[in-house]
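Below: one structure, written as structure tokens.
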């Protein structure tokens, strides 16, 4: 497998209304964990496995994401300037300079399926990967791709078991035996993103703004028996609310399980 040939599509266009404390001022993918946007964390996960060709589906405040990457090298390098001569020298550019990033405007009001359809023209190969711009995980991307290649179906979704939002009590005869503040759900999987699709999936989506990836496209793919699930039983968490952003920042300082790349 040549990972450099597979594009990583990241949905970055939603308004993030449940995270209004942050998204009133910036798009959700730029909300920071440990001083870096969650989008950066997601891209670092893929880059660790050699996937460095990204297509970002922009929408709400997408210009801010464009500015972030346009200024990335300047803001993350030591720079020598010669004022008046329009000369600039970069010293030790960041390792992310090997990334290729297509910044695609997919509309302020488009739903997820429409955004996917609108970037079809940037996908030249037989398959692509897709995920949301608000979820991090320690999913093994290479194993995910191997699983996808092992079957002949159009799509693979990563199924995850999220942490419960409520504390769990282990009780014996009315006495608490064990208390777990945020236990992982033991049964059942939910859509965790980190998809792999063959290009035939573009036939299931359309450019109308109302096309919602999670409704008719994936539902029809399942009815057609063309959607498989890769079960990931380890860490996964999305930044859905302000409380989630605080939790992820706490985890970054304590034990960021999704951080599989080098030293912080």
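The numbers here are math on the coordinates, done by the rules we state, and not lab data. None of the values given here were measured: they were computed from a predicted structure. Here the Cβ positions follow ideal geometry from the backbone for every residue, glycine too, while neighbour counts run over all protein chains shown.
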**Request:** Order by neighbour count: 43, 88, fewest other Cβ atoms within 10 Å first, most last.
**Result:** 88, 43
**Message:** Please list log₁₀ I(q)/I(0) at q = 0.13, 0.15, 0.18, 0.20 Å⁻¹ for the stretch 1-134, using the Debye equation with identical point scatterers on the alpha-carbon positions.
**Reply:** -0.60, -0.77, -1.02, -1.19
**Message:** Across the stretch 115-164, what fraction of all alpha-carbon pairs, as a whole percent, falls in each successive 10 Å bin from zero upward?
**Reply:** 16, 49, 31, 4
**Fill in**
Of 136, 116, 79, the most mobile residue in a GNM of the chain (C-alpha springs, cutoff 10 Å) is 79
**Message:** For the chain, place one equal point scatterer on every Cα, skip the solvent, and apply the Debye formula. What is log10 of I(q)/I(0) at q = 0.07, 0.08 Å⁻¹?
**Reply:** -0.27, -0.35
